[in-house]
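Notes to accompany the following structure.
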Amino acid sequence: MKRLFTCLILITSLNCLIAQTPVNKELQTYVDFLGNQAATAKDYILHLFEHNDIVVLGERNHQDITQYDLFLDVIKDPYFIKNVGIVFAEVGTKNLNPELNNFISDNLMTDEEVNKQTLYFLRNCMFPYWRNYNFAYYIRGLRDINKNIPWGSKIEFYPSDELYVKGELTVDNAVEMIKRVAVRDSLIADNIINKFEEIKKSGNRKKALVVMNYRHAYNNKFDFTFESGEKVKNTTEFLFNRYPGKVANVLINTINISGNFSTLQDGKWDAAFKLMNIENMGFDFKGSPFGEDNFDHWTYKNNFTYSDIFTGFVFYLPVEKFRLVAGFPHFMEDGFVEDCMLKEKLWAKAFSKLSNKEIEPSATKEELMQYNVINVKPIQNLDSILLQINKWLK
């Protein structure tokens, strides 16, 4: 009680100090709103499970490893373990199971076996290969969580993508995979729904966490259209349709990952959080000034607001603390780099066959070899992004 009282005094003092500091009028409504919020990102996400069966998190750049610390923090919470326990993901193909769940649940593996299995899953995560460190980091994090959970209550993990060649590695089979990409969102959603229904029928677990990247996390309120006129449907749209009133989706603070890697709302959102010295918070978009803003996460012209498309928003670390991580120790050894080169050629030939024009492989052996070690870097265009944010703080 004494600690809570002390925290309240500190929060009040901070708000008073900020109130005495001149604030750009463009930020005032955001700052006023943030000053009245208290939930952390993790607590907000967990709270959504009280009234929803599925919570979808809108992942930022796949390579950003810091967001995976948030995911794992949510998953290891006693409330999540007891009341949810199921995790679905866009990253990773459905055919990794049941081996993957055996891996994250087996407490008896040696360190050498863990490293060997991690390499196996990372090398088979997606076609033609998955260079990002996030998948290895995630499954090892899930494994660490499960070490302290008894059998029957361990976390279950189901990657749900379709980016793999069925059967022999041939051009024709690769062509069939590429054709599936055209309806990839519906296939991912089908994989999630079918497995979720199977789990619900076979046991006590009735809720699930889903992690989807970019537009795949958008809800079902609108059909999005590219400038070319092509309409696009998103995985989470199908989940909203299948489970009406039982799905929430949450955007994690990010930058626009297409185009010029600019900030959302020209940096105003990030500036407001920076002014309030907030690095960890979550809230509903509805009833907030953030939710009333034009939906510029979708870089094509639209008339939607953020509250139209997402249930809520979590801010977890400012952009300068994001860390893009790729590669894994020994990833391209044991002949795997040659295997990747063959897959690159197969992928290119398949696209050439579909498009009736010659397409070259996108990576050289030298480029692939750099993923033999873990590479860490900040987000793209960080200097210009910080300029966008800081201009509101002058």
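Excluding ligands, DNA and RNA, the accessible surface per residue across the chain is 48 Å² with a 1.4 Å probe. Note on the range 17-113: lysine pairs with Cα distance below 28 Å, sequence gap of 8 or more or different chains, count 5.
Order of 264-275, 365-376 by packing, highest average Cβ count within 10 Å first?
264-275, 365-376
To the nearest ten degrees, helix 171-181 and the longest principal axis of the Cα atoms of the chain are 20 degrees apart.
Once C-alpha pairs closer than 8 Å and six or more residues apart are averaged by separation and normalised to the residue number of the range 143-237, the relative contact order reads 21 percent. Straight-line cross-link reach from Lys301 at under 24 Å between alpha-carbon atoms covers these lysines, not counting any fewer than eight positions away in the same chain: Lys221, Lys231, Lys233, Lys268, Lys286.
Relative to the longest principal axis of the Cα atoms of the chain, the long axis of helix 2-19 lies at roughly 80 degrees. Just checking the listed ones, Val325, Val74, Val171: in the Gaussian network model of the chain with Cα springs under 10 Å, the one fluctuating most is Val171. The magnitude of the dipole of the range 63-156, with charges of +1 and -1 set on the Cβ of Lys/Arg and Asp/Glu and taken from the Cα centre, is near 140 debye. Averaging Cα coordinates gives a centre for the range 16-90 and one for the range 139-216; these two points are 23 Å apart. Multiplying the residue separation of Glu176 and Ile374 by 0.36 nm and removing their Cα-Cα distance gives an extension gain of 68.0 nm. Tyr68 contributes an accessible area of around 10 Å² to the protein surface, as traced by a 1.4 Å probe with all chains present.
Considering Cα pairs under 8 angstrom that are at least six residues apart, work out the relative contact order of the range 216-275 and quote it in whole percent.
Rounded, it is 24 percent for the range 216-275.
Here the Gaussian network model covers the chain, with springs between Cα atoms less than 10 Å apart; of Leu187, Leu169, Leu72, Leu169 fluctuates the most.
Accessible surface ranking for Phe222, Phe283, Phe33, 1.4 angstrom probe, highest first: Phe222, Phe33, Phe283. Using a 1.4 Å probe on the protein heavy atoms, what percent of the accessible area of the chain belongs to carbon and sulfur? Answer for the chain is 53 percent, counting heavy atoms of protein chains only. The label point for Lys353 and the one for Ile278, both projected 7 Å from the Cα toward the Cβ, are 5.3 nm apart.
Straight-line reach from Lys365: taking Cα to Cα under 16 Å and skipping same-chain neighbours fewer than 8 places apart, the lysines in range are Lys343, Lys345. Each of Leu393, Thr364, Pro378 was placed along the dipole of the range 345-394 (beta-carbon charges, centred on the mean Cα), and the one lying farthest toward the positive end is Leu393.
Sorting 174-184, 349-359 by average packing, meaning the other beta carbons within 10 Å per residue, from highest down gives 174-184, 349-359. As a rough guide to protection, the peptides 75-81, 104-110, 54-60 ranked by mean Cβ packing within 10 Å, highest first, stand as 54-60, 75-81, 104-110. The listed residues Trp347, Trp298, once ranked by accessible area (1.4 Å probe) with the largest placed first, stand as Trp347, Trp298. The relative contact order of the chain comes to 24 percent, based on Cα pairs under 8 Å that sit 6 or more residues apart.
Relative to the first principal axis of the alpha-carbon coordinates of the chain, what is the inclination of helix 66-75, with its axis defined by its Cα atoms, in degrees from 0 to 90 and to the nearest 10? Roughly 90 degrees between the two axes. For the range 48-91, backbone nitrogen atoms closer than 13 Å to the point 7 Å from Leu393 Cα along Cα-to-C-beta are found at no residue.
The values are calculated or read from the model by the stated rules, or taken from the named source; none is laboratory data. Bear in mind the structure is a predicted one, so any value in this text is a computation, not a measurement. Neighbour counts run over all protein chains shown; Cβ positions are idealised from the backbone, glycine included. Calculation scope for accessible area: heavy atoms of the full protein, side chains included, ligands and nucleic acids excluded. Shrake-Rupley method; radii C 1.70, N 1.55, O 1.52, S 1.80 Å.
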